[in-house]
Amino acid sequence: MDVQVLEGALVEVPTKAVTGMDRRAFGEFVGPQGELASYAFGWTTGADPHVARLSVGIGAGNPGGGTFHAVIFENEGGHAFSLIDDPFESVPQGGPDLTAHEARAHEDLPFVWWVTDQIMQRDRRAWWMWHWLLRTTCVQTLEVFERREPILLVQHDADDGTWQLIGSSDADGSTAKTGHLHHAIDEDHSLIDVLDLPPGSSATRTGIGHPWKGRS
């Protein structure tokens with residue numbers, strides 16, 4: 001059996017204390033030997049600094065079961081994790097909430113970190129969160145930036161890693177706008193389907209609601 005990361009619900013709630021949206025994504029993990037874990041991660045779009053939160057639960061009903069809680073933050077162009085005491089979410093496979101000290105002493109902590117790495121690699125909502133954490137910029141045509149045209153072409157440039165978002169009009173460098181990639185995903189959740197484009201690749205579609213095609 002291969003590793004499976006099964007995306008579950010995405011809960012979005014407007015916030016009052018901070019301008020933005022509180023997002024929480026849930027899912028299940030199945031390991032190659034049938035190991036089970038459940039997870040939740042989330043972020044608030046208007047928060048500053050950009051720090052996300054994570055809960056991973058294992059061993060429901062077993063003496064060694066527990067729920068591990070952590071923060072996720074930008075670190076040297078990537079991301080890093082740090083265990084915390086404050087519980088984030090309850091998840092089905094989890095047991096009692098563990099403090100950071102209890103989690104560090106837990107024999108299954110290496111497994112939990114491995115699960116976390118798999119979540120970040122395989123859950124498309126985690127890619128969205130990752131671009132929010134890193135404040136990834138993108139270049140958009142004026143028509144896309146002003147929301148007068150839907151995004152029909154997504155290009156991830158090979159030379160500098162720039163993301164380009166283009167509508168039905170031809171790209172015009174003189175009027176192009178720079179924005180954050182996560183804001184574009186906020187407006188069009190279907191973009192999460194192409195966030196795994198490697199540098200040098202692109203994807204196209206014929207309209208909103210139509211499937212993305214191409215990886216070249």
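The values are calculated or read from the model by the stated rules, or taken from the named source; none is laboratory data. Quantities reported herein were computed from a predicted structural model and do not represent experimental measurements. Cβ atoms come from the backbone with ideal geometry, glycine included; neighbour counts cover every protein chain shown. Note: accessible area is taken over every heavy atom of the protein model, side chains too, but ligands, DNA and RNA are not part of it. Shrake-Rupley method; radii C 1.70, N 1.55, O 1.52, S 1.80 Å.
The table below lists the values:
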read-out	value
Residue match in the range 13-23 (condition: in contact with an Asp or Glu (Cβ under 8 Å, 6 or more places away or on another chain), surrounded by 15 or more Cβ atoms within 10 Å (Cβ to Cβ) and under 25 Å from His189 (Cβ atoms))	yes
Which numbered condition Asp186 misses (of (1) over 20 Å from the mean Cα position of the chain (by Cα); (2) surrounded by 12 or more Cβ atoms within 10 Å (Cβ to Cβ); (3) at pLDDT below 95)	(1)
Residue count for the range 80-116, restricted to those that are in contact with a Leu (Cβ under 6 Å, 6 or more places away or on another chain) and outside any loop (DSSP other than H, G, I, E, B)	2
Criterion violated by Ala203 - all others in (1) modelled with pLDDT of 95 or more; (2) surrounded by fewer than 19 Cβ atoms within 10 Å (Cβ to Cβ); (3) of a type in the set (A, V, I, L, M) satisfied	(2)
The range 184-205, residues that are over 11 Å from Gln155 (Cα atoms) and touching a strand residue (DSSP E or B) at 6+ places or on another chain (Cβ under 9 Å)	Ala184, Asp186, His189, Leu191, Asp193, Arg205
Qualifying positions in the range 83-108 - of a type in the set (A, V, I, L, M) and buried (at least 16 other Cβ atoms within 10 Å of the Cβ)	Leu83, Ile84, Val91, Leu98, Ala103
Only listed residue being in contact with a helix residue (DSSP H, G or I) (Cβ under 8 Å, 6 or more places away or on another chain), of a type outside the set (Phe, Trp, Tyr) and loosely packed, with under 15 Cβ neighbours inside 10 Å, chosen from Ile208, Ile192, Ile166	Ile208
Total residues in the range 52-74, condition surrounded by fewer than 22 Cβ atoms within 10 Å (Cβ to Cβ) and either hydroxyl-bearing (Ser, Thr, Tyr) or part of a loop (DSSP other than H, G, I, E, B) (or both)	7
Some residue of the range 117-140 being closer than 25 Å to Val71 by Cα, without any contact (Cβ under 8 Å) to a residue 60 or more places away in the chain and part of a loop (DSSP other than H, G, I, E, B)	yes
Pairs, first under 18 Å from Gln121 (Cα atoms) in the range 191-216, second part of a loop (DSSP other than H, G, I, E, B) and open to solvent by less than 60 Å² (accessible area, probe 1.4 Å), C-beta under 6 Å, six or more apart	Asp193/Trp212; Val194/Trp212; Pro199/Gly161
Output for the range 1-51, where each listed residue is in a loop (DSSP other than H, G, I, E, B) and either touching a residue at least 60 places away in the same chain (Cβ under 8 Å) or under 26 Å from Gly95 (Cα atoms) (or both)	Met1, Asp2, Val3, Gly31, Pro32, Gln33, Gly34, Glu35, Thr45, His50
Odd one out for Gly78 among (1) modelled with pLDDT under 95; (2) over 17 Å from Trp113 (Cα atoms)	(2)
Arg135 being more than 30 Å from Asp172 (Cα to Cα) and either hydroxyl-bearing (Ser, Thr, Tyr) or open to solvent by 10 Å² or more (accessible area, probe 1.4 Å) (or both)	no
